[in-house]
Amino acid sequence: MGFLWFWMVAVMLVAYVVLDGFDLGVGMLHLFLARTEQERQILVRSIGPVWDGNEVWLLATGGTLYFAFPLLYASAFSGFYLALMIVLWLLILRGVSVELRTHMNVTVWRSFFDGVFVFASALLAIFYGAALANVIRGVPLHEDGYFFLPLWTNWRTGAQPGILDWYTVIGGVLALVALAVHGALYLAVKTESDLQDRSRTLAQRLWVLLLVLTIVSLPASMIVRSDTLANYRAYPVAFLVPVAVLLALLGITHFSRKGDDVKAFACSCAYLTMMLVGAVFGLYPRLLPATTGSQYDITIAKALSGPYSLHVGLIWWAFGMCLAFIYFFIVYRMFRGKVSLDGEGYGH
């Protein structure tokens, strides 16, 4: 059951990053790609019917941790309290900016909320990347299973790090660039004419930086954690994961240059998925490594809930996921095709 729940949480996390990732990408590119108010409306409408639904996967992941791995939930949510509060406020600001920007037809009003939209989206991407890097690097866990992390200390990794250091900054910048590329490719799929061309061009330009950051992230992870490749050496077939990452990156630039935006976006989804799968596989069976000694690691065995909770939870989880998949299938099917300014509401 521990193995099953571990990968179920991983799947939900991947779903959130892939789906809400293009929302964040569109948000951070909002003022850089759109040159007119009409184009800014198109960008907002490109994610209008789905952005809030995509965030359900984040809530589902947190809820699953609560009953499947309660020790991890308690430890992580208390230790990352400061970062989580910042993320919560950024999510609120992002939602408010999307909903309120059109409530008044005043240039200053719209410009303010456009800026908030870009600011919140970019910082969320950075914090998500830094959060994953914190998990890979480890946190200063103690015997009671709890820890505290300041926002930063001396910017070095070690037994008592901060949320931000040289490694987590790399993770944050990598996430920022990856989601910007993801959002630009999504816009290339959903838009037309000049806006589509600018989205495609920006994705191709950012691709080079994404390739460099991806290559840098592997040796950086090995420096921070010497056992990063332990599971890969034990199961050599897992080396197919980094190969898949490279193929996905090559697919992004290949299909984007050919103008096949759907396949380029699919390759971006595969890239994000494989990057997360690679990180998760490297951690298994640890859920949260400790920088203070491996004996303090929070593992699946330590954090797993009781058998009754897991069996009952599996039933409700399966029911909830069926409803979620049906909902997402209907929404994305209705929202297929290019975005326009015709009609009411978000328009399509």
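Of the residues Thr157, Thr168, which single one is outside any helix (DSSP H, G or I), hydroxyl-bearing (Ser, Thr, Tyr) and in contact (Cβ under 8 Å) with a residue 24 or more places away in the chain? Spell out the reasoning first.
Details: Thr168 fails: outside any helix (DSSP H, G or I).
Residue meeting the stated conditions: Thr157.
Is there a residue being polar (S, T, N, Q), assigned to a loop (DSSP other than H, G, I, E, B), in contact (Cβ under 8 Å) with a residue 24 or more places away in the chain and in contact with a Ser or Thr (Cβ under 7 Å, 6 or more places away or on another chain) anywhere in segment 197-205?
So in segment 197-205, the residues polar (S, T, N, Q) come out as 199, 201, 204.
This time we only want the ones that are assigned to a loop (DSSP other than H, G, I, E, B), so: none.
Scanning segment 197-205, I find no residue that is polar (S, T, N, Q), assigned to a loop (DSSP other than H, G, I, E, B), in contact (Cβ under 8 Å) with a residue 24 or more places away in the chain and in contact with a Ser or Thr (Cβ under 7 Å, 6 or more places away or on another chain), so the answer is no.
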### Query
If we keep just the residues of segment 234-292 that are among the charged types (D, E, K, R) and touching a Lys or Arg at 6+ places or on another chain (Cβ under 9 Å), which is nearest to Gly145 (Cα to Cα)?
Asp261
## Note on the structure
Being polar (S, T, N, Q), closer than 23 Å to Arg137 by Cα and modelled with pLDDT of 95 or more narrows Thr273, Thr228 down to just Thr273
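Just for segment 214-263: of the residues that are of a type in the set (S, T, N, Q) and assigned to a helix (DSSP H, G or I), which one is surrounded by the fewest Cβ atoms within 10 Å (Cβ to Cβ)?
Going through segment 214-263, the residues of a type in the set (S, T, N, Q) turn out to be 214, 217, 221, 226, 228, 231, 253, 256.
With assigned to a helix (DSSP H, G or I) added as a condition, the list becomes 214, 217, 221, 231, 253, 256.
Details: Thr214: 19, Ser217: 21, Ser221: 20, Asn231: 15, Thr253: 18, Ser256: 25.
Selected residue: Asn231.
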### Query
With (1) of a type in the set (Lys, Arg); (2) surrounded by 15 or more Cβ atoms within 10 Å (Cβ to Cβ); (3) farther than 30 Å from Asn231 by Cβ as the list, and Lys302 as the residue in question, which single condition is left unmet?
(3)
### Query
Does Leu58 satisfy being farther than 19 Å from Ala178 by Cβ and in contact (Cβ under 8 Å) with a residue 24 or more places away in the chain?
no
### Query
Does Leu100 fit the bill of being surrounded by fewer than 19 Cβ atoms within 10 Å (Cβ to Cβ), closer than 27 Å to Pro289 by Cβ, out of contact with any Gly (no Cβ under 9 Å at 6 or more places or on another chain) and not charged (D, E, K, R)?
no
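Considering only residues of segment 93-120 that are among the β-branched types (Val, Ile, Thr) and touching a helix residue (DSSP H, G or I) at 6+ places or on another chain (Cβ under 7 Å), which is modelled with the lowest pLDDT?
The qualifying residue modelled with the lowest pLDDT is Val98.
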### Candidates Ile136, Ile126, filtered to the one that is crowded, with 18+ Cβ neighbours inside 10 Å, part of a helix (DSSP H, G or I) and touching a Gly at 6+ places or on another chain (Cβ under 7 Å)
Ile126
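The values are calculated or read from the model by the stated rules, or taken from the named source; none is laboratory data. The structure presented is a predicted model; accordingly, all values stated were derived computationally and were not measured. Here Cβ is always computed from backbone atoms with ideal geometry, including for glycine, and neighbour counts include all displayed protein chains.
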